[in-house]
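The values are calculated or read from the model by the stated rules, or taken from the named source; none is laboratory data. Predicted model only: the values in this text are computed from it and were never measured. Here the Cβ positions follow ideal geometry from the backbone for every residue, glycine too, while neighbour counts run over all protein chains shown.
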Amino acid sequence: MGMSWDDVVLIEKGKTCNDPTVVTVNCPDKAGLGCDLLRVVLEFGLYVTRGDFSTDGRWCYVVLWVVPRPRSLKVNWESLNKRLLSCCPSYLPAFYLNQLTTCSKPPQLYLLTVFSVDRKGLIHDVTKVLSELELAIQRVKVTTTPDGKVLDLFFVTDEMDLLHTRIRREETCEHLSAVLGEYCISCELQLAGPEYDIQQQHSCISEAVAEELFSSDLSANKDRSPALSADVSKVKTANITVDNLLSPTHTLLQIQCLDQKGLVYDILKISKDCDIRIVHARISSSVKGYRSMDLFIQKEDGTKMLDKDNQAGLCSRLKEEMLHPLRVVTTNRGPDTELLVANPVELCGKGRPRVFYDVTLALKTLGICVFSAEIGRHSTSQRQWEVYRFLLDETSGFPLSSNRAKSDIVDKVRRTLMGW
């Protein structure tokens, strides 16, 4: 016997346009379920105003109050329901008992080729269409030709798993052609050949830039690199209190930090990667730009976290994720200016959603054209990073040579990524 699939994920829209939508998930539990759910929420451009999580180790109950960011964003709630449902283990007992040992088939990789006349905001407009169609960008190669044309190669996977159909492929190209209008020369979408691997290619970064981009220095007494610099208008703090006295069976983490886009996802990502079970969590609403969270946690074996070193290690990982979930820096590539954005990926290999979307939006807002762009991976001794590289067009009308201009670019990109 089991419950109806209609009851696993419930979405109740607010009574007015200003009220949050309530998303309820009630299903068997699995390791990292909360992280998987919040990743989907972030993919759809939704902001979590508050939330409640609870599990007994076998069954999980999650309630999220969400709003689109920006408010004008159109959300396909039916598609969100299906995507959240796909994260949930089956309620059928036989399947549930075996789901941990069943490996899901990796998604098929498709190559989208867009050839067009260059213009400001072109890459973001293409990215926006792909996001609306739920096509996830795995790799990208953007090249501008000397005669002012752009060749965009997007390696994508389909979250709806429909790109194998002719209708879905034609729909994608028709949407892109409509958005690009007279600038579009050609658009093709086909299954990527066996020579392409779903894994991201390694990104070659100089030692000096890598040291600046991937630094993990959280000391408040040392000068940080630009990649770690906080917004000058905000005081960035992250406080974590560990309490083992309140509950006889759980360790309580009380967290207070600056609110930002993807904050709940970032915290749940660390708990998933560190094999920490969040038995109960309460995510409070933002107050004056700050968030408070209470997390009742256990180790993988169901015991409290009593070891001081383990506590310090977990708190350090959480603080790094809350203070610096994304790194942004500009550097010189010969005579040109290059923008680099990096974020740590989950142990399962998934990168943070909507990074390429947000960066291209920031550059479009600034009126900066992109000469070339690519996505790669970089491994450090502690973790793997997803690296986005943008070679900026010096002829776009935005001054790029001065330090002030580069600082403005970094600030705008960081604010867009963090939702400030």
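Lys350 satisfies every condition listed in (1) more than 21 Å from Glu212 (Cβ to Cβ); (2) buried (at least 19 other Cβ atoms within 10 Å of the Cβ) except (2). The one condition from (1) charged (D, E, K, R); (2) modelled with pLDDT of 95 or more; (3) not in a strand (DSSP E or B); (4) not assigned by TED's automatic domain parsing to the domain that holds Leu391 that Asp301 does not meet is (2). Scanning region 322-362 for residues that are modelled with pLDDT under 90 and assigned to a strand (DSSP E or B) turns up Asn332, Arg333, Asp336. Do we find a residue being assigned to a helix (DSSP H, G or I), in contact (Cβ under 8 Å) with a residue 12 or more places away in the chain, surrounded by 21 or more Cβ atoms within 10 Å (Cβ to Cβ) and among the acidic types (Asp, Glu) anywhere in region 304-320? Looking for residues that are assigned to a helix (DSSP H, G or I), in contact (Cβ under 8 Å) with a residue 12 or more places away in the chain, surrounded by 21 or more Cβ atoms within 10 Å (Cβ to Cβ) and among the acidic types (Asp, Glu), one finds none in region 304-320, hence no. Considered as a group, the residues in region 280-292 that are among the hydrophobic types (A, V, I, L, M, F, W, C) and surrounded by 20 or more Cβ atoms within 10 Å (Cβ to Cβ) include one that is farthest from Thr237 (Cα to Cα), and that residue is Ala281. Within the option set Val179, Val156, Val140, being without any contact (Cβ under 8 Å) to a residue 60 or more places away in the chain and crowded, with 16+ Cβ neighbours inside 10 Å holds for one residue only, Val156. Where in region 118-217 are the helices (runs of 4 or more DSSP H), entirely inside, with at least 1 residues that are among the polar types (S, T, N, Q) and in contact with a Cys (Cβ under 7 Å, 6 or more places away or on another chain)? Passing ranges, in order: 166-180.
Are any residues in region 238-253 among the polar types (S, T, N, Q), surrounded by 13 or more Cβ atoms within 10 Å (Cβ to Cβ) and over 12 Å from Leu306 (Cβ atoms), and if so, which ones?
Here is the first cut: in region 238-253, the ones among the polar types (S, T, N, Q) are 239, 241, 244, 247, 249, 251.
This time we only want the ones that are surrounded by 13 or more Cβ atoms within 10 Å (Cβ to Cβ), so: 239, 244, 247, 251.
If the condition is that a residue be among the polar types (S, T, N, Q), surrounded by 13 or more Cβ atoms within 10 Å (Cβ to Cβ) and over 12 Å from Leu306 (Cβ atoms), then Asn239, Ser247 are the ones that fit.
The single condition from (1) modelled with pLDDT of 95 or more; (2) outside the structural domain of Tyr388 (by TED's automatic domain parsing); (3) crowded, with 21+ Cβ neighbours inside 10 Å; (4) assigned to a strand (DSSP E or B) that Cys257 fails is (1). Being farther than 30 Å from Ser271 by Cβ, in a loop (DSSP other than H, G, I, E, B), free of Cβ contacts under 8 Å to residues at least 60 places away in the same chain and outside the structural domain of Asp266 (by TED's automatic domain parsing) holds for only one residue in Phe390, Phe398, and it is Phe398.
Residues that are of a type in the set (S, T, N, Q), touching a helix residue (DSSP H, G or I) at 6+ places or on another chain (Cβ under 6 Å) and not in a helix (DSSP H, G or I): does region 378-387 have at least one? No, region 378-387 contains no residue that is of a type in the set (S, T, N, Q), touching a helix residue (DSSP H, G or I) at 6+ places or on another chain (Cβ under 6 Å) and not in a helix (DSSP H, G or I). Taking each residue of region 274-291 that is farther than 13 Å from Gln254 by Cβ and looking for partners that are β-branched (Val, Ile, Thr) with beta-carbon atoms closer than 7 Å, six or more apart or interchain, yields Ile276/Ile297; Arg277/Ile297; Ile278/Ile297; Val279/Thr55; Val279/Ile297; Ser285/Thr49.
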